[in-house]
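Okay, structure first, notes after.
The values are calculated or read from the model by the stated rules, or taken from the named source; none is laboratory data. Model, not experiment: these values are computed from the prediction. Cβ sites come from the backbone with ideal geometry, for glycine too, and all protein chains shown count toward neighbours.
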Amino acid sequence: MPKDLAKEEVNFGRIIYQWTIKEFEKYNRDRRWYIFIGVIGAALLALAVFTANYLFALLIVLFVIILFMGDMTEPLDIPFAITNTGIIIGSRYYRYSELSNFWLIYNPPDVKTLYFSFTNVFRHRLQVPLMDFDPRPIRDLLLTYLPEDLEQEEEPFSDKLARTFKIH
(Lines give C-alpha, C1' and ligand atoms only; values in the text may rest on other atoms or scores of the structure.)
Protein backbone atom coordinates (compact mmCIF):
# COMPACT_ATOMS: atom_id res chain seq x y z
CA MET A 1 0.00 0.00 0.00
CA PRO A 2 1.44 3.40 -0.95
CA LYS A 3 2.62 5.48 2.02
CA ASP A 4 0.68 8.65 1.15
CA LEU A 5 -2.59 6.78 0.86
CA ALA A 6 -2.08 4.83 4.07
CA LYS A 7 -2.44 8.10 6.00
CA GLU A 8 -5.92 8.72 4.59
CA GLU A 9 -7.87 5.83 6.14
CA VAL A 10 -9.12 4.71 2.75
CA ASN A 11 -10.46 1.21 2.21
CA PHE A 12 -8.58 -0.03 -0.85
CA GLY A 13 -10.21 -3.42 -0.78
CA ARG A 14 -8.49 -6.63 -1.67
CA ILE A 15 -5.63 -6.41 -4.20
CA ILE A 16 -6.33 -8.82 -7.04
CA TYR A 17 -3.61 -7.88 -9.54
CA GLN A 18 -0.51 -5.80 -9.03
CA TRP A 19 2.65 -5.04 -10.93
CA THR A 20 5.22 -2.31 -11.35
CA ILE A 21 5.25 0.02 -14.33
CA LYS A 22 7.75 2.63 -15.47
CA GLU A 23 6.99 6.32 -15.09
CA PHE A 24 7.57 6.75 -18.82
CA GLU A 25 8.93 4.74 -21.72
CA LYS A 26 12.70 5.08 -22.10
CA TYR A 27 13.64 4.50 -25.73
CA ASN A 28 17.00 3.46 -27.12
CA ARG A 29 17.64 6.19 -29.65
CA ASP A 30 20.36 5.79 -32.21
CA ARG A 31 22.45 8.45 -33.91
CA ARG A 32 20.04 8.67 -36.88
CA TRP A 33 17.19 9.65 -34.53
CA TYR A 34 19.22 12.52 -33.06
CA ILE A 35 20.27 13.71 -36.53
CA PHE A 36 16.67 13.56 -37.78
CA ILE A 37 15.27 15.44 -34.76
CA GLY A 38 18.16 17.94 -34.94
CA VAL A 39 17.50 18.70 -38.62
CA ILE A 40 13.74 19.05 -38.04
CA GLY A 41 14.33 21.23 -34.96
CA ALA A 42 16.85 23.45 -36.73
CA ALA A 43 14.54 23.86 -39.72
CA LEU A 44 11.59 24.78 -37.50
CA LEU A 45 13.76 27.16 -35.49
CA ALA A 46 15.02 28.83 -38.68
CA LEU A 47 11.43 29.14 -39.93
CA ALA A 48 10.34 30.68 -36.63
CA VAL A 49 13.16 33.25 -36.68
CA PHE A 50 12.65 33.99 -40.39
CA THR A 51 8.94 34.66 -39.84
CA ALA A 52 9.66 36.59 -36.61
CA ASN A 53 7.56 34.12 -34.64
CA TYR A 54 9.66 34.20 -31.49
CA LEU A 55 7.10 32.46 -29.33
CA PHE A 56 7.25 29.46 -31.66
CA ALA A 57 11.06 29.59 -31.51
CA LEU A 58 10.89 29.58 -27.71
CA LEU A 59 8.56 26.55 -27.79
CA ILE A 60 10.99 24.65 -30.03
CA VAL A 61 13.91 25.44 -27.72
CA LEU A 62 11.85 24.34 -24.68
CA PHE A 63 10.87 21.13 -26.47
CA VAL A 64 14.53 20.34 -27.17
CA ILE A 65 15.44 21.03 -23.53
CA ILE A 66 12.63 18.75 -22.31
CA LEU A 67 13.74 15.97 -24.68
CA PHE A 68 17.33 16.33 -23.49
CA MET A 69 16.35 16.31 -19.80
CA GLY A 70 14.09 13.32 -20.35
CA ASP A 71 16.97 11.50 -22.00
CA MET A 72 19.21 12.14 -18.99
CA THR A 73 16.75 10.85 -16.37
CA GLU A 74 15.78 7.28 -15.61
CA PRO A 75 12.08 6.50 -15.22
CA LEU A 76 10.85 5.70 -11.72
CA ASP A 77 9.18 2.40 -10.88
CA ILE A 78 5.53 3.01 -10.03
CA PRO A 79 3.33 0.39 -8.33
CA PHE A 80 -0.01 -0.36 -9.97
CA ALA A 81 -2.79 -2.47 -8.47
CA ILE A 82 -6.31 -3.51 -9.36
CA THR A 83 -8.48 -4.06 -6.29
CA ASN A 84 -12.10 -4.96 -5.80
CA THR A 85 -12.91 -1.30 -5.02
CA GLY A 86 -10.76 0.59 -7.55
CA ILE A 87 -7.26 0.96 -8.93
CA ILE A 88 -4.07 2.26 -7.37
CA ILE A 89 -1.33 3.87 -9.44
CA GLY A 90 1.61 5.25 -7.52
CA SER A 91 0.23 7.17 -4.58
CA ARG A 92 -3.17 7.78 -6.21
CA TYR A 93 -6.28 5.70 -5.58
CA TYR A 94 -9.23 5.83 -7.99
CA ARG A 95 -12.57 4.29 -7.05
CA TYR A 96 -14.45 2.56 -9.83
CA SER A 97 -17.10 5.28 -9.48
CA GLU A 98 -14.48 7.81 -10.71
CA LEU A 99 -13.83 5.75 -13.85
CA SER A 100 -16.32 5.60 -16.72
CA ASN A 101 -14.89 2.66 -18.68
CA PHE A 102 -11.80 0.77 -19.75
CA TRP A 103 -10.39 -0.75 -22.92
CA LEU A 104 -7.47 -2.93 -23.90
CA ILE A 105 -5.19 -2.56 -26.87
CA TYR A 106 -3.24 -5.78 -27.23
CA ASN A 107 -1.01 -6.05 -30.31
CA PRO A 108 2.19 -7.67 -29.05
CA PRO A 109 5.07 -7.00 -29.06
CA ASP A 110 4.49 -3.29 -29.77
CA VAL A 111 1.35 -2.46 -27.81
CA LYS A 112 0.07 -4.14 -24.64
CA THR A 113 -1.85 -1.40 -22.86
CA LEU A 114 -4.81 -1.02 -20.52
CA TYR A 115 -6.66 2.31 -20.72
CA PHE A 116 -9.11 3.88 -18.28
CA SER A 117 -11.27 6.92 -18.91
CA PHE A 118 -12.65 9.08 -16.14
CA THR A 119 -16.20 10.25 -15.45
CA ASN A 120 -14.76 13.76 -15.15
CA VAL A 121 -14.39 14.92 -18.76
CA PHE A 122 -11.54 17.28 -17.85
CA ARG A 123 -9.28 14.39 -16.85
CA HIS A 124 -7.06 12.74 -19.42
CA ARG A 125 -7.24 9.00 -19.96
CA LEU A 126 -5.06 6.76 -17.81
CA GLN A 127 -2.67 4.47 -19.66
CA VAL A 128 -1.18 1.39 -17.95
CA PRO A 129 1.25 -0.99 -19.67
CA LEU A 130 0.20 -4.63 -19.21
CA MET A 131 3.80 -5.82 -19.18
CA ASP A 132 3.70 -9.64 -19.55
CA PHE A 133 0.25 -10.15 -18.03
CA ASP A 134 -2.42 -12.06 -19.90
CA PRO A 135 -5.11 -9.47 -20.69
CA ARG A 136 -8.05 -11.91 -20.65
CA PRO A 137 -8.37 -12.45 -16.87
CA ILE A 138 -7.76 -8.74 -16.24
CA ARG A 139 -10.49 -7.88 -18.73
CA ASP A 140 -12.87 -10.39 -17.14
CA LEU A 141 -12.23 -8.92 -13.70
CA LEU A 142 -12.67 -5.30 -14.82
CA LEU A 143 -15.94 -6.18 -16.59
CA THR A 144 -17.48 -6.89 -13.19
CA TYR A 145 -16.85 -3.26 -12.17
CA LEU A 146 -16.66 -1.17 -15.36
CA PRO A 147 -18.06 -1.26 -18.89
CA GLU A 148 -15.60 -1.95 -21.69
CA ASP A 149 -15.35 0.57 -24.53
CA LEU A 150 -15.50 -1.78 -27.51
CA GLU A 151 -15.27 1.07 -30.02
CA GLN A 152 -11.61 1.63 -29.11
CA GLU A 153 -9.84 -0.82 -31.41
CA GLU A 154 -6.63 1.11 -32.00
CA GLU A 155 -4.29 2.87 -29.64
CA PRO A 156 -4.91 6.64 -29.52
CA PHE A 157 -3.22 8.58 -32.29
CA SER A 158 -1.14 10.61 -29.84
CA ASP A 159 0.25 7.41 -28.28
CA LYS A 160 1.01 5.92 -31.69
CA LEU A 161 2.73 9.11 -32.81
CA ALA A 162 4.80 9.32 -29.60
CA ARG A 163 5.84 5.67 -29.94
CA THR A 164 6.71 6.06 -33.63
CA PHE A 165 8.90 9.11 -33.05
CA LYS A 166 10.20 7.85 -29.68
CA ILE A 167 9.20 11.00 -27.81
CA HIS A 168 6.87 9.48 -25.25
Candidate set: the range 29-45, residues that are within 15 Å of Asp71 (Cα to Cα) and in contact with a helix residue (DSSP H, G or I) (Cβ under 8 Å, 6 or more places away or on another chain); chosen: the one surrounded by the most Cβ atoms within 10 Å (Cβ to Cβ)
Ile37
Please work out which one of (1) surrounded by fewer than 14 Cβ atoms within 10 Å (Cβ to Cβ); (2) at pLDDT 90 or above is the condition Asp71 fails and give its number.
(2)
Positions within the range 26-74 being assigned to a loop (DSSP other than H, G, I, E, B) and not aromatic (Phe, Trp, Tyr), in sequence order:
Lys26, Asn28, Arg29, Asp30, Thr51, Ala52, Asn53, Thr73, Glu74
Are any of the residues in the range 91-113 in contact (Cβ under 8 Å) with a residue 60 or more places away in the chain, in a strand (DSSP E or B) and buried (at least 17 other Cβ atoms within 10 Å of the Cβ)?
yes
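Conditions tested, residue by residue: (1) of a type in the set (A, V, I, L, M); (2) over 17 Å from the mean Cα position of the chain (by Cα); (3) closer than 25 Å to Asn84 by Cα; (4) at pLDDT 80 or above.
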site	(1), (2), (3), (4)
Val111	yes, no, no, yes
Ser117	no, no, yes, yes
Arg125	no, no, yes, yes
Pro137	no, yes, yes, yes
Tyr145	no, yes, yes, yes
Leu150	yes, yes, yes, yes
Pro156	no, no, no, yes
Leu161	yes, no, no, no
Phe165	no, no, no, no
